[in-house]
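Notes follow the structure.
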Amino acid sequence: MRIQTILLQCVAVCLSGVFATGAVAAVAPDAEMPSRVSLSGVPEERVTLRSTTAPVTSIAIAPSVKQLEITAETSKYAQPKETGLAAILGIKSPAVRGSSPLRIASVFPSGAEASAVKWESVGGGYVTHFRITSVGAKGIRAKLMLPPGITQGEIRVVSQLDEVAEAMPLRVALNGEIWTPYTEGETQIAELFTTQRVDGLTLKVSDVGHFEVSPWSVKGPAEPAQSTAAGACTVDVVCTINDDPVNGAAIAERRKSVARMSFMSGGGGFLCTGTLINSPSQQDFFLTANHCISTQAEASSIQTRWFYEASTCGGLVGAGVVTLSGGTQLVFTNQFVDSTLLRLNSPPPAGTVFAGWN
């Protein structure tokens with residue numbers, strides 16, 4: 001799927017078809033649910049690391065070409081996961097998925113043992129740094145293992161000490177596991193800040209996500225073939241809005257509902273898209289496909305990219321893109337209708353649209 005386009009997947013555009021199955025009928029009102037504009041949201045806060053002198057724990061791996069090839073082959077999602085109702089009833093899914101997320105990263109164990117790291121005292125809490133390197137990577141994410149009770153604080157990540165940092169709260173950790181946000185380049189500096197006591201805390205970088213392709217590239221990988229499930233719904237909105245008298249207005253609104261999402265699963269990192277949908281309770285519901293997200297672990301690793309579209313027809317990604325870290329909560333998933341309903345852990349940016357449906 002082409003990154004410089006807004007990707008209007010069929011599960012997002014054909015919402016009435018999805019919900020007519022009754023998969024999440026409890027959310028639907030009797031009448032059609034109109035769209036709703038998000039007037040507020042978490043601002044894209046521009047922050048730097050809290051400290052440039054905090055103690056550093058260094059982790060470095062150097063995956064070989066062979067290791068990358070093996071990991072790519074074993075993390076393609078070629079075999080569907082037998083989960084949920086299918087597993088209970090003993091129903092086998094087709095041997096090959098009709099659709100699969102786009103793989104862009106390999107995951108390798110760090111080889112590091114859990115240890116009690118050193119901390120620096122800063123205003124209101126304590127800080128420690130991890131310097132994580134995967135030789136040759138286009139970008140990095142890392143899975144940290146925290147004591148389950150450590151939930152007060154945040155992680156900030158950069159490629160270089162003086163850069164603007166990507167941040168996410170510690171409260172979104174799943175049983176102490178948390179994937180850091182993505183940074184470009186083969187080295188990531190992850191800063192862990194907590195307001196809780198840190199004496200004797202044991203921490204670990206368990207896995208390193210080695211990205212062969214940037215999920216946020218201004219060009220990115222080629223769009224899917226028209227024979228794939230997403231192909232018919234993949235359009236360049238800048239080219240389409242003015243040229244399509246039937247669907248142009250609807251696409252112009254829906255592009256503000258759709259986000260690109262990057263997530264980690266098993267031995268790889270993947271890309272899919274999802275759509276904000278409105279609800280009577282006005283919660284931050286996000287609809288995607290089961291072949292993308294089907295477990296809470298995958299949902300917890302999600303980063304979303306909003307307003308991710310070309311500035312000109314066939315051009316590169318324009319300004320105004322907003323990245324949201326912090327993952328999501330799995331509300332509902334069903335492989336038979338290939339749908340997954342999530343709830344964002346942080347509100348979407350202002351100006352996004354919660355799509356209407358019936």
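The values are calculated or read from the model by the stated rules, or taken from the named source; none is laboratory data. Everything numeric in this text was worked out from a predicted model, so none of it was measured. For neighbour counting, all protein chains shown are included, and Cβ atoms are generated from backbone atoms with ideal geometry for every residue, glycine included. Areas reflect the complete protein model, heavy atoms only, side chains present, ligands, DNA and RNA absent. Shrake-Rupley method; radii C 1.70, N 1.55, O 1.52, S 1.80 Å.
Taking a point 7 Å out from the Cα of residue 62 in the direction of its Cβ, the residues of segment 112-150 whose backbone N falls within less than 17 Å of it are 112, 132-138. Per-residue SASA remark: residue 239, around 30 Å² accessible (1.4 Å probe; ligands, DNA and RNA not included). Here segment 138-184 is treated as a sphere whose radius is the Kirkwood value from Cα pairs; by Stokes-Einstein at 10 °C and 1.306 mPa s it diffuses with a coefficient of 142 µm²/s. With both labels modelled 7 Å from their Cα along Cα-to-Cβ, the residue 253 to residue 40 distance reads 2.4 nm.
Residue-wise HN-Hα couplings along segment 300-312, as the Karplus relation 6.51 cos²θ - 1.76 cosθ + 1.60 with θ = phi - 60° gives them from phi, are 5, 8, 5, 10, 10, 10, 10, 6, 9, 8, 5, 7, 9 Hz; Gly and Pro carry x.
Rg over Rh for segment 146-213 works out to 0.97, using Cα positions for both radii and the Kirkwood form for Rh. Per-residue extension of 0.36 nm, minus the Cα-Cα distance of residue 213 and residue 122, leaves a gain of 29.2 nm for this segment.
Scaling against 2.2 N^0.38 Å puts the C-alpha radius of gyration of segment 286-340 at 1.41. Amide H contacts under 5 Å for residue 345: 328, 329, restricted to partners 5 or more places along the chain or on a different chain, H placed in the peptide plane at 1.01 Å from N. Rounded to the nearest Hz, the phi-derived 3J(HN,Hα) couplings of segment 341-350 under the Karplus curve 6.51 cos²θ - 1.76 cosθ + 1.60 (θ = phi - 60°) are 10, 10, 10, 5, 6, 10, x, x, x, 4, where x marks glycine and proline.
D by Stokes-Einstein for segment 242-311, Kirkwood Rh over Cα pairs, 10 °C, 1.306 mPa s: 116 µm²/s. Taking θ as phi - 60° and the Karplus parameters 6.51, -1.76 and 1.60, the scalar couplings of segment 117-129 work out to 7, 8, 10, 10, 7, 10, x, x, x, 9, 10, 9, 10 Hz in sequence order, x denoting glycine and proline. Database remark: amide H of residue 207 closer than 5 angstrom to the amide H of 110, 143 (H placed geometrically; neighbours at sequence offset of 5 or more, or on other chains; Pro and chain starts carry no H).
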